[in-house]
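Readers should treat all values here as calculations from the given coordinates under stated rules, not as data from a laboratory. What you see is a predicted model; the values in this text were computed from it and never measured. In this analysis, Cβ positions are derived from the backbone assuming ideal geometry, glycine residues included, and neighbour counts consider all displayed protein chains.
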Amino acid sequence: MSGLVSVAALRGSRPVWAFGVLAVTWLAAILFAHGFDSVANFRYLVQTASFLGIVAVGQTLVVMMSGIDLSVSGVVALSAVVCAKVASGTGGGATGITVALLLSALVGAVNAGGVVWLRVPPMVMTLATGTILSGALLVYTNGSPSSAHVPLLDSLANDRLLGVPWAFVLWLGVAAVAFWLLHLSRTGRYAFALGAGHDAARASGVPLGATAFTAYVSCALLAGVAGLVLLGFTGTSSLTMGNPYQLLSIASVVLGGTSILGGRGHLLGTVGGALLLTLLTALLTSWNLSEGVRQVVLGILIIGLLLVYARERRT
Amino acid sequence: MRERITVAARGNTDLLGLLALLLVLLVAYQHYDSSLLSPATVTILSAQFLPLILAAAGQTTVMLLGGIDLSLGAVLGLAMAVFATYEARGAGDVVTAMALALCVAVAAGAVNGALVAYAGLPPIVVTLAASFLWGGVTLVVLPQPGGHVPAGLVEAYNNGWYGIALPAVAVAVALGLWKLLRTTRHGLALYAVGGNEHGAYASGLHTRGVKIGGYALAGAFTGLAGIGLAIQTGSADPTIGTPYTLNSIAASVLGGISFFGGVGRMRGTVLGALVIGLLTNLLLFTGISPFYQLVVQGVILVVALALKTYLTREAAE
């Protein structure tokens with residue numbers, strides 16, 4: 001009896017769907033696309049998925065409390081550009097990393113402050129901070145960001161631990177901590193409550209300020225970490241390097257079965273969503289499509305996947 | 001008469017505040033550029049402000065429906081690319097190119113609207129994903145900045161055609177059509193669906209159709225903005241549309257359009273767009289790096305929204 005119940009629960013669970021679609025796509029890729037059956041390819045895939053995945057884990061925390069963070073693209077660029085500039089200048093790699101992470105956390109705090117105190121809708125607040133960030137980076141770098149070689153980041157992005165890329169290990173670690181924060185800690189319960197019903201949660205004494213600050217600062221911090229790993233991976237920073245992560249991180253969250261309206265979902269679904277999107281991107285790249293066509297196909301695929309299993313019940 | 005004015009003023013306090021701000025900006029502008037009121041400057045400024053005004057009008061249409069369009073910049077770029085890549089030689093070709101670009105933009109808007117109305121997907125997600133899609137289509141149409149707009153048209157548009165400021169006329173016609181629409185039942189339906197979807201449905205409105213129509217209309221405004229931008233600059237750039245997403249939202253918010261739909265007037269949005277445009281130009285006059293533009297635009301948006309929330313909270317309590 002209990003077995004039947006759990007099967008039914010699994011079928012109704014959107015995060016499980018994410019992994020199901022992932023498994024099917026992966027199988028199809030191995031069977032029909034060239035070069036997806038090797039260990040090296042698998043390793044490369046989880047390594048590149050980590051960059052997106054780390055951002056998406058942070059995005060999940062914010063989306064769960066019915067917020068949204070459109071400034072992640074700006075923060076990814078911010079942390080990479082600032083770290084590269086500091087590290088290639090007078091400061092060392094450690095200073096660069098510290099400054100970059102502090103600035104990222106600051107952006108998250110500003111986002112939360114705007115949402116909580118100024119009561120600006122999250123979408124607009126984060127869109128505005130993202131724009132301010134890209135302007136500030138233009139001013140800071142004078143339009144030409146620098147490249148830098150930071151040994152710590154380099155090995156973090158490219159080296160392996162027992163054959164597993166460090167980036168992937170980092171992602172799993174981040175996901176584990178976020179899992180605890182969202183599903184096991186009190187703050188996580190608050191986030192779910194705020195996402196399910198803002199006013200009811202406030203009336204029952206859920207601290208909006210503390211929860212929002214935790215979520216937005218964690219999200220920005222993780223975007224900063226992703227920027228640093230990306231800097232280690234490519235060795236250069238650019239003002240637009242964060243751009244793909246804005247849509248893709250939100251798509252990972254939603255494809256992972258979390259409701260964009262908040263209050264419903266699971267963090268592990270996001271891990272599946274990020275893997276799925278990275279796999280799709282890799283597939284499209286392997287077909288040698290032009291940049292524009294690739295973007296069109298990915299856009300259609302995302303919309304299609306959303307249509308299949310991320311529809312909101314009409315209220 | 002006097003009574004009517006005071007009644008009108010009481011109902012539009014935020015618009016009056018915006019108007020006052022605009023006047024202050026105009027005086028400051030006059031200080032830097034004393035030729036402000038000459039026909040030549042008016043023509044150039046209207047050519048420069050047209051894309052933002054029309055893009056903001058498109059954003060307002062969607063926001064009145066209770067939605068938001070994050071793909072506006074991408075659709076604007078798409079219309080621009082389609083218009084400029086069509087090899088226009090004579091007047092007939094230009095009209096064909098315009099019609100083509102407009103059709104593409106309306107279709108893009110209608111697809112957004114259909115996804116929102118029928119699929120039950122939230123507008124943020126739909127339009128964010130759509131921005132990816134339309135941005136990709138733009139890159140397929142026009143991989144690099146380029147394209148071609150007849151030089152005579154560019155000249156007439158930017159420097160006046162027999163002394164007529166064509167961009168100003170275009171904006172006036174577009175806004176006149178909006179005003180006309182507002183008086184019909186379709187315009188009323190737009191406000192009704194945005195204000196209270198259930199109520200509108202219960203009153204027998206075809207809410208899904210209204211949504212698709214609204215998004216398509218927004219596409220038309222955005223398409224016109226893209227065409228205007230192509231004529232103003234004489235070519236097209238696939239990525240130039242991006243800032244218009246944020247600025248159109250900022251102009252609408254400044255103009256008093258509510259995020260929850262159904263509240264606000266187009267005249268407010270036009271004032272908001274003018275304020276943002278003038279402020280950006282003033283910034284250039286002060287001689288600071290144009291890189292600061294993005295910073296200022298973001299700050300304007302946050303300050304405007306925070307002020308608005310603060311003021312309405314005061315009024316409510």
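What to note about this one:
- A:H266 long-range amide H proximity, modeled H, under 5 Å: A:T258
- Dividing the alpha-carbon radius of gyration of the protein assembly as shown by the rule-of-thumb value 2.2 N^0.38 Å gives 0.97.
- Size of electric dipole in segment A:15-309: Cβ of Lys, Arg +1 and of Asp, Glu -1, about Cα centre, debye, nearest 20: 420 debye
- Within the shell defined by Cβ-Cβ distances under 13 Å, the residues around B:A84 carry a net charge of -3, with Lys and Arg each +1 and Asp and Glu each -1.
- Neighbourhood net charge (14 Å Cβ-Cβ; Lys/Arg +1, Asp/Glu -1) for B:L100: -2
- Between segment A:107-141 and segment B:35-59, the alpha-carbon center distance in angstrom: 28 Å
- Modelled spin-label separation between A:V24 and A:L162, with each label point placed 7 Å from Cα along the Cα-to-Cβ direction: 3.4 nm.
- Note on A:286-297: average number of Cβ atoms from other chains within 10 Å of each residue's Cβ is 4.
- Taking segment A:165-197 and a reference point 7 angstrom along Cα→Cβ of A:T234, the backbone N atoms nearer than 20 Å belong to A:166-168, A:171.
- Annotation for segment A:9-75 versus segment A:161-187: alpha-carbon center distance of 14 Å.
- J(HN,Hα) series, segment B:218-227, from Karplus relation 6.51 cos²θ - 1.76 cosθ + 1.60, nearest Hz, glycine and proline x: 4, x, 4, 4, 5, x, 4, 4, x, 4
- Counts of other chain beta carbons within 10 angstrom of each beta carbon in peptide B:282-292 average 2.
- At an R0 of 51 angstrom, the distance between the Cβ atoms of B:A40 and B:R185 translates into a FRET efficiency of 0.75.
- Here the Karplus curve 6.51 cos²θ - 1.76 cosθ + 1.60, taken at θ = phi - 60°, turns the phi angles of segment B:239-252 into couplings of 10, 6, x, 3, x, 5, 4, 5, 5, 5, 5, 4, 4, 5 Hz, with x standing for Gly and Pro.
- Paramagnetic reach from A:T95 in segment A:63-87 [backbone N under 14 Å; point 7 Å along Cα→Cβ]: A:83-87
- Note on chain A: helix-only mean residue ellipticity at 222 nm, from DSSP H runs of 4+ residues weighted -39500 (n - 2.57) and normalised by residue number, equals -25000 deg cm²/dmol.
- Using just its DSSP H runs of length 4 or more, each adding -39500 (n - 2.57), chain B gives a mean residue ellipticity at 222 nm of -26500 deg cm²/dmol after division by all residues.
- Here's how it looks for A:R160: its modeled amide H is under 5 Å from those of A:W166, which are all 5 or more places away or on a different chain.
- Taking 7 Å steps out from each Cα toward its Cβ at A:V39 and B:V303 produces label points 6.0 nm apart.
- In order along segment A:55-67, the phi-based Karplus estimate (6.51 cos²θ - 1.76 cosθ + 1.60, θ = phi - 60°) of 3J(HN,Hα) comes to 4, 5, 4, x, 4, 4, 4, 6, 5, 4, 8, 6, x Hz; Gly and Pro are listed as x.
- Gain upon complete extension [A:V139, A:I300; 0.36 nm per residue less C-alpha separation]: 54.4 nm
- Summarising the amide proton neighbourhood of B:W161: residues at separation of 5 or more, or on other chains, whose placed amide H is nearer than 5 Å comprise B:L166.
- Computed FRET value (nearest 0.05) for A:H198 with A:S155, which takes r as the C-beta separation and R₀ as 41 Å: 0.40
- For chain A, convex hull of alpha carbons as volume per residue, Å³: 153 Å³
- Sum of side-chain charges, A:W171 neighbourhood, beta-carbon under 14 Å (Lys, Arg +1; Asp, Glu -1): +2
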